[in-house]
Amino acid sequence: MVEVKRRFSNKNLKKLIIPLIIEQLLAVTVGFADTIMVSNIGETAVSAVSLVDTINILLINIFAALGTGGAVVTAQFIGQDSRKKARESAKQLILITGLLSFFIMIACLILNKPLLNLIFGTIDTDVMSKAQTYFYVTAISYPFIALYNSGAGLFRAIGNSKISMINAAIMNVINIILNAVFIFGCGLGVFGAAIATLIARIVTSIIILIMLKSKKNLMYIDNYHSFKWNGFYIKKILLIGIPSGLENGMFQLGKILVQSLVATFGTYAIAANAVSNNIAQMMIIPGSAIGLALVTIVGQCIGAEEYDQAVYYIRRLMKQAYVWMIILSLSAIILSPILLKMYSLSEESTSLATKCILIHGLAGMIIWPISFTLPNALRAANDAKFTMIVSICSMWTFRYLLSFYLGRTLALGLVGVWLAMIVDWFIRAFFFIYRYRSGKWKNKRLV
């Protein structure tokens, strides 16, 4: 029997996945640190930051979707050993991401107050005032976080996740130090938290763009002075980026509208929801990291037409995602009383947050990796349209509509919203596992 030579050795997998886990941990720490530090100002500040962050996350996920499109194209070219084409696709990714994020930034700066009033018009006046401040400053950072995400995605596509990890560490250190200076030292409150985030994103975006120019990389960008629109590569990137962007955008839009429902339950519910989301993000870090790794691994396998190897790595990494999900979910449930004390919440908010963490932890161990890690393998194989259709339909039918029914009609409040989220996960998982087992995601090579 001839032994199959694997494209990624155990050492390669560790070099790819471990930095991604650390990077995801660091990324979550930014929001974690912001919320904890801002919580010392009061629950209105926590509520303002959490509300605006739902909009920020929506837009950042759209930028990240473009980055995923570029990463898939680059990974498949690397799998084909077509490095010149990989470099050109990378340059086009930077161009399209930079342009899109700039125009979105301008729109958000102009429409700051009308947008917030449209989405969160029923909230307390003090919360709205702080939200407007936080939204204005963080909107300026959109081009920088968009370019950073694209650069990080390109490094992951060539299997060098250490670079994005280092930059994430730099971003966190800058953000936490400046948070302490601006919030506690200067007494700038929410404005200080926003300025710290802006500066951290500017610095790390510049660093990663400079790193992309190094010719020592498997794939590099020769210069940033002579960008020319290349429709061929843009089309390839958008074939993944548009479905992924629509999927992420509609998902986050649904979450924003659900957040507007949560806002009607009062400041206690808003604060509890914000804190629960912070802790829930900690639970899913390894699953998210493995999902990012699947983009690189499956993308390269598909580019080389090595479908059996793609299947092998998907199965192997999904098992790892489940092991980590179980460990972290149980840890979060057990440690939740200690974790929640860090936020200086009221008794009502603490009680609500405890219930939400329990719901997320128990359901996450069963279904989260299939709902959110596995789809990245399908996207890497150019099956992004399928994941988009499933995700959008499930989001609006179950998470959105069911949230109103359980939360308002049945008077379950915030708990009802989180239960609706779990139903959404199960629906997604059913269709994604069916698609994977059908094998229809194969033979959809993008390049």
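The values are calculated or read from the model by the stated rules, or taken from the named source; none is laboratory data. Just so it is clear, the structure is predicted and the values come from calculations on it, not from any experiment. As a convention, Cβ positions derive from the backbone with ideal geometry for all residues, glycine included, and neighbour counts pool all protein chains shown.
Under 29 Å from Val275 (Cα atoms), among the polar types (S, T, N, Q) and at pLDDT below 95, is that true of Ser438? No: the conditions fail for Ser438. For Ile106, are the conditions met, namely being at pLDDT 90 or above and part of a helix (DSSP H, G or I)? Spelling it out, Ile106 is indeed at pLDDT 90 or above and part of a helix (DSSP H, G or I).
Considered as a group, the residues in region 293-316 that are among the hydroxyl-bearing types (Ser, Thr, Tyr) and under 20 Å from Leu218 (Cβ atoms) include one that is surrounded by the most Cβ atoms within 10 Å (Cβ to Cβ), and that residue is Thr296.
In region 384-394, the qualifying residues are those that are of a type in the set (A, V, I, L, M, F, W, C) and within 18 Å of Thr68 (Cβ to Cβ), and the one that is surrounded by the fewest Cβ atoms within 10 Å (Cβ to Cβ) is Ile389. The condition of being surrounded by fewer than 16 Cβ atoms within 10 Å (Cβ to Cβ) and in contact (Cβ under 8 Å) with a residue 60 or more places away in the chain holds for only one of Ser371, Ser346, that being Ser346.
Filtering region 392-447 to residues that are of a type in the set (Ser, Thr, Tyr) and more than 23 Å from the chain's Cα centre (by Cα) leaves Tyr405, Thr409, Tyr434, Ser438.
A single entry from Ile433, Ile422 fulfils the requirement of being touching a helix residue (DSSP H, G or I) at 6+ places or on another chain (Cβ under 7 Å), of a type in the set (A, V, I, L, M) and either surrounded by fewer than 18 Cβ atoms within 10 Å (Cβ to Cβ) or not in a helix (DSSP H, G or I) (or both): Ile433.
Does region 395-404 include one or more residues that are in a helix (DSSP H, G or I), without any contact (Cβ under 8 Å) to a residue 24 or more places away in the chain and among the small types (Gly, Ala, Ser)? So far as region 395-404 goes, no, none of its residues is in a helix (DSSP H, G or I), without any contact (Cβ under 8 Å) to a residue 24 or more places away in the chain and among the small types (Gly, Ala, Ser).
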